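Notes to accompany the following structure.
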Amino acid sequence: MKKNTTPHQSQAFIPAGIDEPILLESNSSSKVETMHLNYPENAKIGYAIVGLGHLTLNQILPAMKECKKSKISALVSGSLEKLRKTGEMYDIPESAQYLYEEFEQISENKNIDAVFIVLPNSKHKEFTLRSAIAKKHVLCEKPMAINSQECQEMIDACKAAAVKLMIAYRIQYEPYNHYVRQEIEEHSIGTVKFIQTHNGQPSHQPEHWRYIKDLAGGGALFDIGIYCLNTMRFLLDSEPLEVYAHQYSNPLDPSFQEIEEMVNWQMKFPDDIIVQCSTSYQIHTSRKYEIYGDGGWMILDDAYSYEGQKLIISKPEENLLKKEIKISPVNQFTQEIDYFSECILNDTEPYTSGEVGLQDLMIMEAIYESAQTNEPISLSHRLPKSIKRGNKPEIKLQEK
Ligand code: NAD
């Protein structure tokens, strides 16, 4: 395989001036916040995991056991029973198990460097603000919050407290998606002209928080359509200039009284690239994209899944009608969490920063507006000219 095989995050951790405090500026006043980054070599960042739901129990906690730079230091939940059972499974002492109302006590626990917020979307802002007050770094699940104002408050709070904020966009820590981005950058399929992507799954639980607008913020777009939006921004390394959308909900289905069932939207990117996206809670599970260039195409099946990505490339001029590219899979959650830990250890800005999460919310708000007005919405005056973010993670691309 011609791709470089740079080891993932191979840079050894070398703290700058190990005995000296590092000065970080606060935006709230002229006061300078001081954070001591005296992490010993081979240190692991300790996380308090907030919310013991499906994602935490099935993906995040098992993935954390594989992490090289991260460890589980505490658990936070609304249920004492869940805390005790999960604590026993992962060897977390009762003294590091907190109910939501006890959350402020984490400020006293020196084993906790960061908080991973894995709660319903409406709770992301509250726990980010509480984490910032406790002076703990924040890794927050997607979508960042239920609207763009909340995202801005989260960014401001973390900046004022001099703690880092990263949004858990795991796709940007997954090797197949990195391979595709590299192919696009190298014009391997010529000039990209058109992309088609969708993320859909059958879902029907009207009682669940995902179907209550105040808790979820939105429907299929907020929950799964966001992968299409965020991944396209990542692959093209640019921001959409315009959106045009349609949305639909079956009026007879009790699940879709508050949130939408499906959204179909088009985005115009720079260089006249058109991206067609769709998301639905009422189709058989399908998570893929197709990228068409004037010199070939790439199709990534299961692009947004936890595993099982399948990449097919066609380049007629190289007589390559269809070739499957196989890359060794990795645990996306492990990569993502360790990347954030490296940002804390090295005092660098995360790539999927709060500003990146805010931008998704602003674009999703424009998508809903377009669907409502039936008009295309220009984004050029709505989005910031540049986004604050750190270096792209280096992901190992190893041929299988
Ligand atoms: P879940 O419903 O399985 O778990 C949510 C947890 O929050 C539960 O333990 C629940 O008890 C608790 N909770 C606290 N306050 C609540 C309230 N007011 N109402 C309902 N539950 C409340 O959800 P999940 O699938 O684990 O999703 C959690 C977060 O993770 C969401 O933001 C979701 O978008 C995100 N997520 C991300 C991925 C990914 O691949 N990155 C996948 C799934 C979910």
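Worth pointing out:
- Considering the conditions (1) part of a loop (DSSP other than H, G, I, E, B); (2) open to solvent by 30 Å² or more (accessible area, probe 1.4 Å); (3) at pLDDT 95 or above; (4) of a type outside the set (S, T, N, Q), K193 is excluded by exactly one of them, (1).
- A single entry from E174, E108, E104 fulfils the requirement of being more than 16 Å from the ligand (Cβ to nearest atom) and either touching a residue at least 24 places away in the same chain (Cβ under 8 Å) or touching a Gly at 6+ places or on another chain (Cβ under 7 Å) (or both): E104.
- Within segment 198-210, residues that are over 8 Å from R287 (Cα atoms) sit with their Cβ atoms under 8 Å from residues that are of a type in the set (A, V, I, L, M, F, W, C) and within 11 Å of the ligand (Cβ to nearest atom), at 6+ positions apart or across chains, in these pairs: Q201/I224; W209/L215; W209/A216; R210/A216.
- Scanning segment 315-362 for residues that are touching a Cys at 6+ places or on another chain (Cβ under 6 Å) and over 26 Å from L383 (Cα atoms) yields a count of 3.
- Across segment 110-156, the number of residues qualifying as more than 26 Å from H54 (Cβ to Cβ), polar (S, T, N, Q) and open to solvent by less than 50 Å² (accessible area, probe 1.4 Å) comes to 1.
- Any hit, segment 243-253, residues being at pLDDT below 95, farther than 22 Å from G190 by Cα, buried (at least 17 other Cβ atoms within 10 Å of the Cβ) and among the small types (G, A, S): no
- Listed by position, the strands (runs of 3 or more DSSP E) inside segment 294-400 whose residues that are modelled with pLDDT of 95 or more, farther than 30 Å from G217 by Cα and more than 15 Å from the chain's Cα centre (by Cα) number at least 3 are 296-301, 310-315.
- Among the conditions (1) part of a loop (DSSP other than H, G, I, E, B); (2) within 20 Å of the chain's Cα centre (by Cα); (3) away from the ligand (no atom under 14 Å from the Cβ), the only one that L52 does not satisfy is (3).
- Qualifying residue in segment 314-322 (condition: open to solvent by 20 Å² or more (accessible area, probe 1.4 Å) and of a type in the set (D, E)): yes
- R210 falls short on exactly one of the conditions (1) more than 12 Å from the ligand (Cβ to nearest atom); (2) open to solvent by 20 Å² or more (accessible area, probe 1.4 Å), and that condition is (1).
The values are calculated or read from the model by the stated rules, or taken from the named source; none is laboratory data. For clarity, every value in this text was computed on a predicted model and none was experimentally measured. Counting neighbours? That spans all protein chains shown, and the Cβs are built from the backbone with ideal geometry, glycine included. Please note that ligands, DNA and RNA were not included when accessible areas were found on the heavy atoms of the full protein model with its side chains. Shrake-Rupley method; radii C 1.70, N 1.55, O 1.52, S 1.80 Å.
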